[in-house]
Amino acid sequence: MRVDPNAGLQKVTTVVTDLQGEYHTQVELDGALYRTLTVSVVASKPGYDDARESAEFKKIAEVREIDLILPTQKKNPDKLSAADLVSRVAPRLSSPPDLNNAKGSARKDYARGVDELMAQGDALKALSTLSKALKREPDCAECQMMLGLAEMKAGSLYSSIRRFDELVKNQAQAPPAAQRPEPLLVLGVINTWKDRQRQAEALLSQALRIAPNDPLVLEESGRAFLLDQQPEVAHGYLSRAVKGGSPPDARLLEARALAETGNVGTADNAMKAYLAGRDVRQMPEGVRKVYAELQDRRQLESYASAKSVLDESLPSLVKAFPELRGIEPAANQDPAASILRAVGENVRAQLQNFADTASLERIEQQMFRSGGRVSGSVDQKFQYLMLARPQEAGVQVQEYRTDFRGDRAELGGVEDGFMITSGFASADMIFHPMYQNGSDFRYLGREEMNGRPAFVVAFAQKPRIARIFERFNSGSDSALILVQGLAWIDCETNDILRLRTDLLKPAREVRLNSQSTEIDYGQVRFAGAPSSFWLPRRVVVTIDWHGKSFRNVHEYSDFRLFNVRTDEKRKPAEAAPVSDRDAALSNPSALGSN
């Protein structure tokens, strides 16, 4: 933190916060010389852009809060950056009508501030100049908006948000002819940065009521609905934006929306129109990401004719899956919607409330000869970490393995031909409300599971629009995998008790003939945690690959909350997700998500 009282006094104090972000410093000024105190604070943190804010103290012993927001330097290519937002909105405000009849000094200050911000790229100088223009013309809404953009670019994001929020409130009281879409547009984009897509959609909808055909507002509305996993709605806005003359980025977003709705051919055409002959390998990360998603979608088209458990009669399913022998068949599908709604909310709530956890993982890896005889086995133990990371769906659970000193560890046995398996914490994401439309479901009936009555639901992913998938890596070859399966859901609590997944079809390109994953969940309570969690307790993965058979059994015990400050010598920040080597089943992930 750099604290600068009454800028220019050479009394800048630089301090380092403690682990909780707190610090203390003291500044003394002669009250006879300085009637007011203006304090500028700059916060710097590795991995983040600097944040700067100022506050004026007019009274002795006055207490003021100075709020700062530090944006991460790791930009999300799916979202409009702050720099792009400023560069696209500022030109719309370069000739404010409010200053047409103002004194020349206000117009000159405004024009100079715009030049400093847009042509010279000096946001700090623009702040000072635009503040002068606003002081001369306090009712100039365009001056407020341009100053808000300068604050954003200068690192004063908190002040920028507060300014645009005030503009929106004031504008609501103005007659419709005097309202402008820009304040709502800027706040809508800021809400996408905060992963508040519903708020963004509402703000952008208000902006469209003011300017129904504004290409930038249409484009950002489409982006917000894409981030909210509503590609069909997004495509409607993006198509209008492209027709309205929006820059090429809108066509790139349109290609992504089309791909996520299953219109791969049309999406491919939109992508080609965007690239216009340019080499995709030389394009920015966001472009390469959309292009890769399109390639994935093409690969998934091979699943279109696959038959699934949903096509089988219940007697056939009982014969194929002996664990269904005690099932009471469903009379009809009427309960299915309420079951899916309840279990989906449980999955959403668990993700949102998930706490970082550590447990003991014991893994038994086995290889089999023809005839089912074990040809080799390896037993290993790890400290297993599940860490919550904010994502569009609320939270993504990332999995790590360390040894008992806290150092990164990898599952051994690969050199001897054994198989790596991981990614079980995300297996229930198929039931998350955001991803349920990517699968078909069928209510089979009720059956007792682990002494509790349970609903049994069969599911199969939809090849055209599924967004959750697995990737099987074999050396330099790779294949996307879609699954089908069964879930046993507690009739009283709607928690998943057991989950089984199988391939929707064999992945011939990597010689993967079959793969079954059986996950038994158990309720885990942590001292001090407001709620319990249902976590994998035992996982059995059976694979027929390349003419060989494998079985990995994962068992988890000794669960505890993980805290980097209290778990001595454990280094989760340095650990990396379990890597894919030789042949491996990688973590499930989401097509089209962050």
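For residues in the range 6-31 being assigned to a loop (DSSP other than H, G, I, E, B), under 37 Å from the mean Cα position of the chain (by Cα) and within 17 Å of Arg52 (Cα to Cα), which is modelled with the lowest pLDDT?
Applying the filter and picking the extreme gives Gly21.
Among the conditions (1) more than 21 Å from Thr542 (Cβ to Cβ); (2) of a type in the set (Val, Ile, Thr); (3) modelled with pLDDT of 90 or more, Ile430 misses just one, which is (1).
Across the range 118-157, the qualifying residues are those that are farther than 23 Å from Ala43 by Cα and basic (Lys, Arg), and the one among them that is surrounded by the fewest Cβ atoms within 10 Å (Cβ to Cβ) is Lys135. Checking each residue in the range 430-443 for being of a type outside the set (S, T, N, Q), surrounded by fewer than 21 Cβ atoms within 10 Å (Cβ to Cβ) and touching a Leu at 6+ places or on another chain (Cβ under 8 Å) picks out Asp440, Phe441, Arg442. Within the bounds of the range 40-48, is there any residue that is of a type in the set (Gly, Ala, Ser), outside any loop (DSSP other than H, G, I, E, B), closer than 23 Å to Ala82 by Cβ and at pLDDT 90 or above? Yes, because at least one residue in the range 40-48 is of a type in the set (Gly, Ala, Ser), outside any loop (DSSP other than H, G, I, E, B), closer than 23 Å to Ala82 by Cβ and at pLDDT 90 or above.
The set of residues from the range 273-294 being surrounded by 12 or more Cβ atoms within 10 Å (Cβ to Cβ), assigned to a helix (DSSP H, G or I) and either more than 24 Å from the chain's Cα centre (by Cα) or not small (Gly, Ala, Ser) (or both) comprises Ala273, Tyr274, Leu275, Val280, Val287, Arg288, Lys289, Val290, Tyr291, Glu293, Leu294.
Looking only at residues in the range 295-325 that are part of a loop (DSSP other than H, G, I, E, B) and touching a helix residue (DSSP H, G or I) at 6+ places or on another chain (Cβ under 9 Å), the one that is farthest from Pro247 (Cα to Cα) is Arg325.
The set of residues from the range 166-204 being of a type in the set (A, V, I, L, M), modelled with pLDDT under 95 and part of a helix (DSSP H, G or I) comprises Ala172, Ala177, Ala178. Are there any pairs, at least 6 apart or on different chains, whose C-beta atoms fall under 7 Å, with the first in the range 252-274 and free of Cβ contacts under 8 Å to residues at least 12 places away in the same chain and the second crowded, with 24+ Cβ neighbours inside 10 Å, and if so, which? Hits for this filter: Thr266/Leu258. Residues in the range 224-265 that are more than 23 Å from Gln295 (Cβ to Cβ) and among the hydrophobic types (A, V, I, L, M, F, W, C): 4 in all. Assess whether Ala267 counts as being surrounded by 23 or more Cβ atoms within 10 Å (Cβ to Cβ), within 20 Å of the chain's Cα centre (by Cα) and assigned to a helix (DSSP H, G or I). No: the conditions fail for Ala267.
The values are calculated or read from the model by the stated rules, or taken from the named source; none is laboratory data. This is a predicted model, so every value here is computed, not measured. Don't worry about glycine lacking a Cβ; one is built from the backbone with ideal geometry, like all the others, and counts go over all protein chains shown.
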